[in-house]
Each structure stands twice: as C-alpha cells, then as structure tokens.
Amino acid sequence: MLAALRFWLDRGVDGFRVDAIHHLIEAEHLRDNPPNPDWREGQSPARRLARLSAAALKARVEEVAALTGLPRELLGRFPHQLSGGQKARVGIARAIAVEPGLLILDEPTAALDVSVQVVILQLLDDLKRRLGMSYLFVSHDLNVVRLLCDRVLIMYLGKIVESGSVDAVFDRPAHPYTKALVAAIPSLGHRGVKRLRLGGEPRSPIDPDPRTCRFYGRCPKGRDDCATVMPELRSLGDGRSVACHYPEIGIPEITRAAPAVRSNPIPFQIPHPAS
C-alpha cells in the first residue's frame, strides 16, 4: 500500500496536503479497545484532527451519519450491536469526518456478504462524487477494482509491475503476471476454455535479490537477463507503465469475451439504506 501511495505522490499533485489523507482499514470496528458507542467512535478523527468544539463535533457526527445512511438511533450502539454493513458505514463515516482529499480503502468490503458489498460500493461511489474525494482502493477482488476504480496498479511481492487505466489494464494487459490475474477472473463465458496457469513457486518476499525480477521463476517469458537485471517501471505511452523486459500488449485469448462494464460504474441498484 505504501508503494502505491508513493507512486501517486511522487507524480506531484498541486496543492495536495499530506494531512488531507485518511484511511479505512479492514475490520475497522476491531481497532478500538475497549469498544465505544458509535457516536464516540465517529467523533475520534474529527476531535483529534479538526479540533472542533463539542457542539460542532456532535453536529459533524450527525452529518456524516446521514451521508453514510446511518439512522440516528444507531449512533448510541456498540459495535457488537450492529450488522456487518452498519459497521462498514460507521468506518466510512469516521474516515470522511475530517473531509479528506484522499481516502485509503484497504479491503473495505472483504468481510461482507455479496449483497451488502454491492450496497457499500454504491455508497462509496456516491460519496466520491458528492464530496470530491479520491480513493486509493486496495483489494484482491478484481471485479470490485474494475467496477469502482479509474486507474489501477498491479503489484507482485511488493513491487509495482503494471499501471494504467482500468480499461487498458484489464482489456490489454502487458505484464505476464497481469495476464495471469485477468485470466483467473471467474466468468461463465469462459467455460471449457483453457486458462493461463503459472508454474513454479513464488520467490521469498524476505530480503529478495534486488537484481532479479520478482516474477522470475514463474514467468512464462522469463529469460536469463530477468535473473540478473531488475526491470524498471517504464512508460508504454497513453498513461501505461510496465516493469518487464518483454512486455506484450494484447488481448489474451481468455479475456477476448470479457464484458465491458465501465458504462455504469456500479451497475446494480439494491435499495438497502441501513445494511
């Protein structure tokens, strides 16, 4: 996550402040020990960072609760009295209470049922547009990444191997690892089609050789120079970058029939105001 954040900050954003960054971790409700009622949890970031008065804090908590679809009667409950979706909304409310410019979302829907995931993704998409925030979305769920994100960074063993727009990376992957990831996305349209499979074993992430490509040993295109010269992230044009000596931009056979979903970022509409 730090490598991805550094990637964007190194490119420079005029007027962007580091203190405008906030984060939402997986299982956010478990980090408070002992647990507090949710109105007190919602106050915590605003109290520490925005330094608001007691009256202003109370008003801000009620405001972000309304923005995230939390009924006021739930604000006095403890985390164990809430559903998974309601806990997710509390975490989002905490994060947006200080009006961040960049919100880091680390697997925000990982522990939720599929139907509740859709509702939370709808909420995140709506808040991004209404509040003018940007997201750094960390996830292993490639379908969620494609639905919610505009640009994507692909990482392998802590190193960025490819970056670009979501459409470009998913439809025309250039790095062999990206191709394997995209080929692994479940799809009814690919039944009976031979999938790209990787052999070998992952390299140890502990003190890796800085001269050797992290993907060497599993890469179907690996050659001798991949073991002695670490490929650097280089531009392919049109906002694409890849860290590979032998990139190949194209549509893998397994992904030719992949449906286009960018016309509507969140194509499902499930009314569920307080999941």
_Here is a check on your reading of the model: is ASP126 of a type in the set (D, E, K, R) and open to solvent by 50 Å² or more (accessible area, probe 1.4 Å)?_
yes
The one condition SER241 fails out of (1) polar (S, T, N, Q); (2) open to solvent by less than 40 Å² (accessible area, probe 1.4 Å); (3) assigned to a loop (DSSP other than H, G, I, E, B) is (3)
Note on region 213-232: residues in contact (Cβ under 8 Å) with a residue 12 or more places away in the chain, surrounded by fewer than 16 Cβ atoms within 10 Å (Cβ to Cβ) and closer than 17 Å to HIS175 by Cα are PRO220, LYS221, ARG223, ASP225, ALA227, VAL229
For region 103-119, pairs from a residue that is among the hydrophobic types (A, V, I, L, M, F, W, C) to a residue that is open to solvent by 30 Å² or more (accessible area, probe 1.4 Å) and assigned to a helix (DSSP H, G or I), with Cβ under 6 Å and 6 or more apart or across chains, are LEU112/GLY84
- Query: Does ARG151 satisfy being buried (at least 16 other Cβ atoms within 10 Å of the Cβ), touching a helix residue (DSSP H, G or I) at 6+ places or on another chain (Cβ under 7 Å) and basic (Lys, Arg)?
  - Reply: no
Is it the case that ILE120 is part of a helix (DSSP H, G or I) and aliphatic (A, V, I, L, M)? yes
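The values are calculated or read from the model by the stated rules, or taken from the named source; none is laboratory data. Not measured: the values here are computed from a predicted model. FYI the Cβ positions are ideal-geometry reconstructions off the backbone, even for glycines, and counts take in every protein chain you see. Heavy atoms of the whole protein, side chains included, go into the accessibility calculation; ligands, DNA and RNA do not. Shrake-Rupley method; radii C 1.70, N 1.55, O 1.52, S 1.80 Å.
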